[in-house]
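Working notes for the structure below.
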Amino acid sequence: MEHIKAVVSTQSTGQKEDIHIRIQQRNGRKSLTTIQGISQNYDLKRIIKVVKKEFHCNGTVVEHAEYGEVLQLQGDQRKKMKQFLTQIGLASSDQIKVHGF
């Protein structure tokens, strides 16, 4: 966690737009959490690496035609992800919009 805080604090520009956290139902009880709107100034691959270890789930960075680069995590990680993003200082609580259910 300290490693990602160092990465975020060295960035010169902060998050300007809203971050949207959504859930997509797959089949049965399976679901995907998608995080869209994180600034391109941040290294998304490094963020996903830390998140995977922190939340004990799998995840990837996907190129979306409409939204650009989107983080995908297995399972319902909406609350954890919102708390994580505010805790590391990447975005304030009012910049993060949680959607679904």
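Can you name every residue in segment 3-47 that is loosely packed, with under 14 Cβ neighbours inside 10 Å, modelled with pLDDT of 90 or more and closer than 18 Å to residue 98 by Cβ?
Of everything in segment 3-47, those that are loosely packed, with under 14 Cβ neighbours inside 10 Å, modelled with pLDDT of 90 or more and closer than 18 Å to residue 98 by Cβ turn out to be 18, 24, 25.
Residues checked against (1) farther than 15 Å from residue 22 by Cβ; (2) in contact with a strand residue (DSSP E or B) (Cβ under 8 Å, 6 or more places away or on another chain); (3) modelled with pLDDT of 95 or more:
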| position | (1), (2), (3) |
| --- | --- |
| 53 | yes, no, yes |
| 56 | yes, no, yes |
| 66 | no, no, no |
| 91 | yes, yes, no |
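With respect to residue 68, is the statement that it is on the phi > 0 side of the Ramachandran plot, touching a residue at least 12 places away in the same chain (Cβ under 8 Å) and touching an Asp or Glu at 6+ places or on another chain (Cβ under 9 Å) true?
It is false that residue 68 is on the phi > 0 side of the Ramachandran plot, touching a residue at least 12 places away in the same chain (Cβ under 8 Å) and touching an Asp or Glu at 6+ places or on another chain (Cβ under 9 Å).
In segment 48-101, how many are part of a helix (DSSP H, G or I), open to solvent by 50 Å² or more (accessible area, probe 1.4 Å) and among the polar types (S, T, N, Q)?
Residues flagged as part of a helix (DSSP H, G or I), open to solvent by 50 Å² or more (accessible area, probe 1.4 Å) and among the polar types (S, T, N, Q) within segment 48-101 amount to 4.
The values are calculated or read from the model by the stated rules, or taken from the named source; none is laboratory data. Because the structure is predicted, anything quoted here is derived from the model rather than measured. Note: ideal-geometry Cβ built from the backbone for every residue, glycine included; neighbour counts use all protein chains shown. What goes into the accessible areas is simple: the full protein's heavy atoms, side chains included, and nothing from ligands, DNA or RNA. Shrake-Rupley method; radii C 1.70, N 1.55, O 1.52, S 1.80 Å.
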